[in-house]
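Structure record follows, encoded as structure tokens.
The values are calculated or read from the model by the stated rules, or taken from the named source; none is laboratory data. Since we're looking at a predicted model, the values are computed, not measured. All Cβ positions, glycine included, derive from the backbone under ideal geometry; neighbour counts span all protein chains shown.
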Amino acid sequence: MTPEDQEEAQALLGAPGDSAPRGRRVFLAAFAAALGPLSFGFALGYSSPAIPSLRRAALPALRLDDNAASWFGAIVTLGAAAGGVLGGWLVDRAGRKLSLLLCTLPFVAGFTIITAAQDMWMLLGGRLLTGLACGVASLVAPVYISEIAYPAVRGLLGSCVQLMVVLGILLAYLAGWALEWRWLAVLGCGPPTLMLLLMCCMPETPRCLLTQHKRQEAMAALQFLWGSVQGWEEPPRAEHQGFHLGLLRHPGIYKPFVIGISLMAFQQLSGVNAIMFYADTIFEEARFKDSSLASVVMGVIQVLFTAAAALIMDRAGRRLLLTLSGAVMVFSTSAFGAYFKLAQGGPGNSSQVDFLAPVSAEPTDTSVGLAWLAVGSMCLFIAGFAVGWGPIPWLLMSEIFPLHVKGVATGVCVLTNWLMAFLVTKEFSSLMEALRPYGAFWLASAFCIFAVLFTLFCVPETKGKTLEQITAHFEGR
């Protein structure tokens, strides 16, 4: 590569220290892409207000029993796991922009089927379709945003992916107070429709265009997004060799693979789904007048702390926030386990999952005090999770993989995340029976400790680095 080519590549791909003026359209493009995660969050949060409404449905064929309700909530994760595989295939072959446009179709189709549902199979089919869209959006949106952002704001924009997810969940909870399940599904069609309209006006990422040898389009995209393409005449020809198993022998491939998969696994093994599952019951025992307020309180905490993480991400760095987040999660899951230990009265009690046993019809001050210990631990956990282990695994997934393996690698990471989410949610009750509730949460605390150690010894800092510099780090260059 000639010196002129190197200068042109830096101008195109955003070298540190580049003082070129930055356009604001990159933020608009990031917002358009982040409407996918907003739709994803709404689909996840939809089941919480919809299930009580469906239990009272006028049509007997639509009324959910306990088994049907559990499948109504869980089938989204199976659809999302399939969507992760599909997204990994689409993102390389169709491009980032078109993949985002395509994922709006199953979102709208899924919510439309739910709106028109006349029996249980239509409900589950609609949820499966929205789950498929969730899987694609959770993969493609972080990749698109990381590739259009320059290093100084990549952490901020990348963290907005998780922020939009929790905003979508909160929107579903709040709308669920006023809308029954059909109208709530109609509302769910709004964010993906808006994303479809906005993304039609946004460009493909310059990196993706370079892999397709579309020099003029890459220049135009960069001009649109950043407002400047200083100092380049002929862009470098980006290599696009594709993924094959032999590549896993190279440190530049297998190291980010191990890190990405491990981050996704630790995120789910932290116990976040279990804590959210018990939120309503714990708030009830702490004498909240409206137990459904628990979901909204959890959603507000997630939004506030995820927003705080986004604002400081490019200053504090990924490793520091992951470490602090993990430490808070260790403390809070340990305290949560202590609550269950005190509530069950010691090892002589039955291992049956009756974790609020000391709370009678008229709770004593002691039992209410224990419930408030659980509430405090739960809020602290959600805050800690939102600052680090919520947004950063998704951000790092979009940063650490070389361009030519990004589709397959991010697909494997997303598949890992959703499969772990399904397994943890499905098997947590069995784990609580085997280990007792306090043992299950202390096990989650141990996984959080391993997550902190993994961060300290294995995860590189990517703050302020170009995607090329991150790749060079793994390759030892």
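Condition check ((1) modelled with pLDDT of 75 or more; (2) surrounded by fewer than 20 Cβ atoms within 10 Å (Cβ to Cβ); (3) under 28 Å from T306 (Cβ atoms)) across all residues:
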{"site": "R215", "(1), (2), (3)": "yes, yes, no"}
{"site": "A218", "(1), (2), (3)": "yes, no, no"}
{"site": "Q241", "(1), (2), (3)": "no, yes, no"}
{"site": "P251", "(1), (2), (3)": "yes, yes, no"}
{"site": "N273", "(1), (2), (3)": "yes, yes, yes"}
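Checked against the criteria, L198 counts as part of a helix (DSSP H, G or I), of a type outside the set (D, E, K, R) and in contact with a helix residue (DSSP H, G or I) (Cβ under 6 Å, 6 or more places away or on another chain). Has the range 28-44 got any residue that is in a helix (DSSP H, G or I), modelled with pLDDT under 80 and surrounded by fewer than 17 Cβ atoms within 10 Å (Cβ to Cβ)? Within the range 28-44, not a single residue is in a helix (DSSP H, G or I), modelled with pLDDT under 80 and surrounded by fewer than 17 Cβ atoms within 10 Å (Cβ to Cβ). With respect to the conditions (1) surrounded by 18 or more Cβ atoms within 10 Å (Cβ to Cβ); (2) farther than 30 Å from C134 by Cβ; (3) among the aliphatic types (A, V, I, L, M), A444 falls short on a single one, namely (2). When you scan the range 151-165, do you find a residue that is within 22 Å of the chain's Cα centre (by Cα) and among the charged types (D, E, K, R), even just one? Scanning the range 151-165, I find at least one residue that is within 22 Å of the chain's Cα centre (by Cα) and among the charged types (D, E, K, R), so the answer is yes. How do the pairs read when you match residues in the range 302-328 that are within 17 Å of G168 (Cα to Cα) and touching a residue at least 60 places away in the same chain (Cβ under 8 Å) with residues anywhere that are outside any helix (DSSP H, G or I) and among the acidic types (D, E), using Cβ under 6 Å and keeping only pairs 6 or more apart or on different chains? Pairs that qualify, where the first residue is within 17 Å of G168 (Cα to Cα) and touching a residue at least 60 places away in the same chain (Cβ under 8 Å) and the partner is outside any helix (DSSP H, G or I) and among the acidic types (D, E): there are none.
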